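To keep things clear, I will list the structure first and then write my remarks on it.
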Amino acid sequence: MEWWFVSLALCACICVMFTPGISTPSGPASATCATLEQSRFFGVFSSKTALPSAPCSWTLQNPDPRRYTVYMKITKPTESCTPRQVRTFQFDSFLETSRTYLGMESFDEVVRLCDASSAVAYLESSKQFLQVRKVMPRLGLEPMEEDKGNDEGSQFNAEFLVVGKRNPSMPACEMLCQWLEDCLATSTHGNPCGIMMTPCQCWEPPKRKTAGCYRGGVYTEKCTPTVRDSNQGWSGWGRWSECSNECGGGVQVRSRACQPEDGVCGGVVEEGRACNPQPCIGQVQQRSQGLRSIIGQRRDSDGTIMANQAPHKGDTWSSWSVCSVSCGEGMQSRTRSCMRSTYSTQCTGPLRENRPCNNTAACPVNGAWDEWAPWSLCSSTCGRGYRDRVRTCKQPQHSGEPCRGPVKQTKFCNIAVCPVDGYWNDWSAWTPCSASCSNGTMQRTRECNGPSYGGSECRGEWQETTNCFLKDCPVDGRWLLWSSWGSCSKSCGGGHQLRHRVCEGPFFNGEPCNGDKKELRNCNEKRCPEPHEICGEENYGSVVWKKTPAGDTAAVSCPSDATGLILRRCTLDAVGLAFWENPTHIKCISKEFQDIQNMRDNVTRSQSGELVDGVSEVLSKVRMVSTDNIKYSGDLLAVMEVLRNSTEIFRGSKMSLSNADVENYAHTISNLLQETHREKWDEAQLMGANIKEFFSLIENFIDMIGRQMRDFQDIYEITDNLELSIQKRPRTMTSDVTFPLKGWRGIIDWVRNSEEKVKVSRSALSLDQSTGFVTGIVLYRNLGPILSFQSNSTLLNSKVVTVTVKPNPGFLSAPVEIDFPHLHNVSRHGNQLVCLTFVCVCARSASLLGSWSARGCRSVSRDSSTTCVCDGLSTFALIARPNPDLNMDKSLLPSVTMIVGCGVSSLTLLLLIIIYVSVWKYIRSERSVILINFCLSIICSNALILISQTQARNKVMCALVAAFLHFFFLSSFCWVLTEAWQSYMAVTGRLRNRIIRKRFLCLGWGLPALVVAISVGFTKAKGYGTVNYCWLSLEGGLLYSFVGPAAAVVLGVAVELLCGSPSSRTDVDVCRVGHHRPPLRTVPDPLRCLRFSGGIHHCHGALHPAQRGQYTHNQSRCAFNMFEYARAHKHACFRSRRQ
């Protein structure tokens, strides 16, 4: 079969058997020179193209090792070959992390690429990947220069074939059988065949058709055999054909085929017999002569067709044929035909005769192989071994040809897998040094082959690193760490700090350090407190408190019976003066409570069996000590911390409290609420501690007790300061929860006389849990004085009640109702309040910050009690506060003195403006325009002063009013300065330029606007408005933006008053040229009016000291008014003199 036909058939097979690749193998010899063949079932590759350099690899992937086997035929190099440079192996997978081949098996023993004893090598692979790798040659085995040029002789070619294990294709089997035949034909004991088994039936003879025979090893259909006497080589006779006639005698024929191993069969191919001998009735019998000649024939014992034994008249015999063989015993034959007429009888005797013909010449007999013996057992019980088979040759005779072919065939075998220990491949070459100078590293790697089938792992590292040094590198200088910052040059007002650093290097011609050795930064930029902003040294409470700036806190040691610090804060009052607040002892803890804390710490570290007993002892002692020994506010917080930790210990250990523990817990809380501790609670709340922590402590205690209670169990504790009720009910209970529980023994008087009632509807609680629920209600006797909502405008008018349910029901479908009797009779409470001015609201704790809110509650008031209906569970109280619509805070109203002063001043100035407008055509001049603008600035400032007193609570509006007030105050001063400038220019005769006149407006309105804009821009409006008044704050120096310009104006007016003289130009008319001016005595002197209104305007600053925020600028305005009066009087005299 031609090679192109086989290739075409294999390509068609590949198209049918295409299967996608599973995965790409890893670990090639080189990532840049690697070839992967996938989804190919036949192919050819050359090492010249696939492995052009070293290292390089070519990998064939088996589509599915369970279904296919890979076979390869390698044509070895014809000339030079470098040993062990080309490696061939199979493996299952490659692990990149450990550089390990799994299931690796080498084919170097099978291929023997450099073994010239055989030109072709065959191998069989059954694993995932088959790889041919070209590696770097070992030292001393590099090819010579002349060998490098001979590329063609050192190259090899390979063909691969992927054959299915089940139902392989016919073209693939034909090629594989040919490979197997060639492989076995060239196999020796030292070079066994690499094909161990095939799925193809390579030795099964093909099916033979009838009427065919083998001649010279070629099968021929419908061959004509040579006659021989021997029956050897004949197939069995076929079936008899149908009879040639239906009556009167006919003939049936059958045939056989000649199938000799060699030579020609002896005998006849066909024979006949008589059939249907019955006579024909009514038919004419017509027979051919050829048919009659065989009617009645029979087959004798030697297989010839014989006629009946009746006498006959036969035809003559033909001549004997040529002997069938030229040597040895052959056969000759002759034939005759039967000729008869209608009246003659049938012929008798044989129609053909055979006779042997002897030839004295003996024929040469070629040697003949016997059948192959069975394959021997594998030489190895596991792993790769070999097996062989032999055959014997029948010797030739009479100069015949000897037997051709091998006497023995050998092939590899592998009947079982052996545990193969992993072993390392050779190390790769060292990589280049990682650094071009100084110290570097070089690396080399190696790959692990295996292990396979339970063998041991490769021992050692797959990567090796060594140091290398080429030359010294230039080392640039580098800065060491900065030193710590030095002390600030100033304690306040902006100072400087300095730090240093040192440059290390450079070395070996490196670059020097870039940057500065020193670094300077600003420090203590906060403004230095003014003397009035520093709390002076004070001896208070047998303790000397040193000077402290406002905003800082001073600390001294607690008394000898306590540990910690006493804190005292220095703060500013409303006008910016520093003062000492009262000392606080929130950080002071008495030694008795310090001992309890130490006892608690020891209990926490004890074993679980001793834990409960230890906590019980702590609760007992803290109750006893807290009864009379709470001296400082820090003791209150220490007791709360001990109770909170005890609760966490019991909850974490899931152990039950005894009745004594519950009683000690409740009485300790009651001790915290004694009347004598009110000031201590105030201290604690001022320093950050909030009453919310106290409420949280109570709720956690109720939750802890409820977890260990049984259904229908009640706990009822009564102390001097609280009434505690804890009830646990099953989920199926339908009755409401009420408080208090009457009829209990030991009820003291204040509880017996209390009328507070609480009702929690069962239908309001939506509980999904199957267990019961716990309701805790606490009535506090005297918690009101320490609550954070106490103020002058808010009055607690009931006791405080806490209601909690565990687990938390969430939203209440029905509200909780609390009846509060009033603590105070509103109609008799003070002289400032009456009954109708109070609005009773119900308040509850609203947030974690401890605030109170009336949201979600409504009140139903009666004569002496109020019912609060709330839609949530919390802490409830009844408060009373004045109605803001009927009783506005007096601090929001201006004082009578301010109203009178501002009103009279504004009316006087308005009257002056009206007079000026009425006679404007007579007095129109620059001076008149200046005076009208001055009057407008004073009127606007008066209006803003009155408005500012009502906007102190609104921060945005207060800041806006303060900015405008700043502007109009400065504009009034600037217009006075403008009037002085105008007078000076008029007296000196320089007022004729209109440009100078327009500058008056810029000075009167533009300069104040510029000062205010700069002040707002720098301060971002911080300092405009305070909590008590809408004016510039005394803190931060913002007030100087008013005092500075005002002082400059006063100074300018004073200079003009002392140095200015109109003697040089006595004839200058200050009125407008071209207008008749009536005598000035008929027009009221505007400066006299301004002097009168200004005095009234600024008198309230001294008469009303409560307005301390306005005091500073009012006094400055009064002083300025005195300068203005003197200057105006002088100018009036000058003008009267000119008249």
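The values are calculated or read from the model by the stated rules, or taken from the named source; none is laboratory data. Predicted, not measured: the structure shown is a model, and the values here were computed from it. Please note: Cβ atoms are built from the backbone with ideal geometry, for glycine as well, and neighbour counts cover all protein chains shown. Quick note on the areas: whole protein, heavy atoms, side chains included, nothing else; ligands and nucleic acids left out. Shrake-Rupley method; radii C 1.70, N 1.55, O 1.52, S 1.80 Å.
Quick look at the values:
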{"item": "Mean separation of Cα contacts under 8 Å (6+ apart) over length of the range 567-623, as relative contact order %", "result": "24"}
{"item": "Potential extension, Trp580-Glu457 segment - 0.36 nm per residue separation minus Cα distance", "result": "36.2 nm"}
{"item": "Long-range amide H partners of Cys535 with built H, under 5 Å", "result": "Thr548, Ala550"}
{"item": "Geometric extent, Cα atoms of the range 399-500 - Rg, Dmax (angstrom)", "result": "35.3, 133"}
{"item": "Reciprocal of mean inverse Cα separation for the range 357-447 (Kirkwood radius, Å)", "result": "19.6"}
{"item": "Additional length obtainable on full extension of the chain from Ala854 to Val544, 0.36 nm per residue less Cα span", "result": "107.0 nm"}
{"item": "Asn602-Thr553 FRET efficiency (beta carbon distance; Förster radius 22 Å; 0.05 resolution)", "result": "0.10"}
{"item": "Rounded FRET efficiency, nearest 0.05, which uses the C-beta distance separating Thr381 from Arg444 and R0 of 30 Å", "result": "0.20"}
{"item": "Estimated FRET transfer efficiency when R0 is 45 angstrom, pair Cys114-Val365 (beta carbons, to 0.05)", "result": "0.55"}
{"item": "Added length on full extension, which subtracts the Cα-Cα distance from 0.36 nm per residue, Arg999 to Leu907", "result": "30.2 nm"}
{"item": "Pairs from Lys547/Lys692; Lys654/Lys692; Lys692/Lys799; Lys591/Lys680; Lys680/Lys728; Lys76/Lys127 whose Cα-Cα separation, in the structure shown, is over 28 Å", "result": "Lys547/Lys692; Lys680/Lys728"}
{"item": "Lys490 - accessible surface, heavy atoms, 1.4 Å probe, Å² rounded to 10", "result": "110"}
{"item": "Label-point separation in nm, Leu480 to Cys247, each point 7 Å along Cα→Cβ", "result": "14.3"}
{"item": "For Thr465, residues with placed amide H under 5 Å, excluding near neighbours", "result": "none"}
